[in-house]
Structures are given as C-alpha cells and as structure tokens.
1. When the residues of the stretch 1-55 are narrowed to those that are aromatic (F, W, Y) and free of Cβ contacts under 8 Å to residues at least 40 places away in the same chain, which ends up nearest to L106 (Cα to Cα)?
2. Within the stretch 90-101, can one find any residue that is charged (D, E, K, R), over 23 Å from F54 (Cβ atoms) and in a helix (DSSP H, G or I)?
3. Mind listing whichever residues of the stretch 65-106 are of a type in the set (S, T, Y) and either at pLDDT below 95 or surrounded by fewer than 19 Cβ atoms within 10 Å (Cβ to Cβ) (or both)?
4. Does K69 qualify as being basic (K, R) and free of Cβ contacts under 8 Å to residues at least 12 places away in the same chain?
5. Only one residue in Y8, Y13 is open to solvent by 90 Å² or more (accessible area, probe 1.4 Å) and among the aromatic types (F, W, Y). Which one?
6. Within 22 Å of R9 (Cβ to Cβ) and touching a Ser or Thr at 6+ places or on another chain (Cβ under 8 Å): is that true of G57 in this structure?
7. Within the stretch 1-66, which strands (runs of 3 or more DSSP E) (wholly inside it) include 3 or more residues that are of a type outside the set (F, W, Y) and under 14 Å from V96 (Cβ atoms)?
8. State all residues of the stretch 31-64 that are of a type in the set (A, V, I, L, M) and either open to solvent by 40 Å² or more (accessible area, probe 1.4 Å) or more than 14 Å from I95 (Cβ to Cβ) (or both); if no residue qualifies, say none.
Amino acid sequence: LCIVFYLYRPLKYSIENGNIRISRMLGDKIILKDEIKAVRIPSKHDIAWPIRTFGNGGLFGYTGRYYTKQLGTMIWFCSRRNNFILIERKNKLPIVISPDEHKAFLKAYSV
C-alpha cells in the first residue's frame, strides 16, 4: 500500500485549456472544463474536521475520499493540509486540491 500511495501522490497542479491536470507518477488525473461547475477557496468552516473515509491520510499527501459535515463526501488530491482549492463538478463529487500558490492558481483559472 505504501508503494501505491507513493506512486499516486499529487506532484503538480496545472491548468491547460481550461482543464485542471493533477500530475502523478502513475497517470495524471484530468478534470475537464465541461464538468467543472465552480472553482473556489473553501472557507475554514467548509473544510473543518475532515474525516477520511477511504484513502491516504498524510504519508504521501492526502488522497482519496473524505467527508465533512458542510460539504459531504469529496475526493482529495492534496499534497498538504492548507492552501485548499475546491473544484465543484456537475453531477460528480467535488474535488479538493492544494497547490502551493492557491490564490495565484485560482486567479489563473478564472482568467
């Protein structure tokens, strides 16, 4: 399991033609712009006390399914426990990422 978590840990986040790419050693995750409803910085209240329901909780990042009372079930592709960006998707679970410069990432996406 440690090897799997290591290979699927998020390495880099980028924006390409409106799509969001989460780079990993074994296969990138691409969130298509057509399925994105909104991208925002969640409030501390939204992300308060997340419960890991399935996934990795800190060894090589924070990945997998998490739950909060405010947002419900979501998928995390985070490399850290701060600088969160919430990606709300149409008819799918929201995704949380944690780029180093989260405000610059959000500004670049909104352009």
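The values are calculated or read from the model by the stated rules, or taken from the named source; none is laboratory data. This is a predicted model, so every value here is computed, not measured. Because the Cβ atoms are built from the backbone with ideal geometry, glycine has one as well, and the counts that use them run over all protein chains shown. The area values use the complete protein model at the heavy-atom level, side chains included, leaving out ligands, DNA and RNA. Shrake-Rupley method; radii C 1.70, N 1.55, O 1.52, S 1.80 Å.
1. From the stretch 1-55, those aromatic (F, W, Y) are 5-6, 8, 13, 49, 54; that's our starting set.
Narrowing further to those that are free of Cβ contacts under 8 Å to residues at least 40 places away in the same chain: 49, 54.
Working: W49: 23, F54: 27 Å.
That would be W49.
2. Scanning the stretch 90-101 turns up no residue that is charged (D, E, K, R), over 23 Å from F54 (Cβ atoms) and in a helix (DSSP H, G or I).
3. Y67, T68, T73, S79
4. No: the conditions fail for K69.
5. It is Y8.
6. Judged against the criteria, G57 is not a match.
7. Values: elements: 12-16, 19-23, 29-31, 36-40, 51-57.
In the stretch 1-66, 36-40, 51-57 are the strands (runs of 3 or more DSSP E) which contain 3 or more residues that are of a type outside the set (F, W, Y) and under 14 Å from V96 (Cβ atoms).
8. First, pick out the residues of the stretch 31-64 that are of a type in the set (A, V, I, L, M): 31-32, 36, 38-39, 41, 47-48, 51, 59.
Answer for the stretch 31-64, where residues must be of a type in the set (A, V, I, L, M) and either open to solvent by 40 Å² or more (accessible area, probe 1.4 Å) or more than 14 Å from I95 (Cβ to Cβ) (or both): L32, I41, A48, I51, L59.
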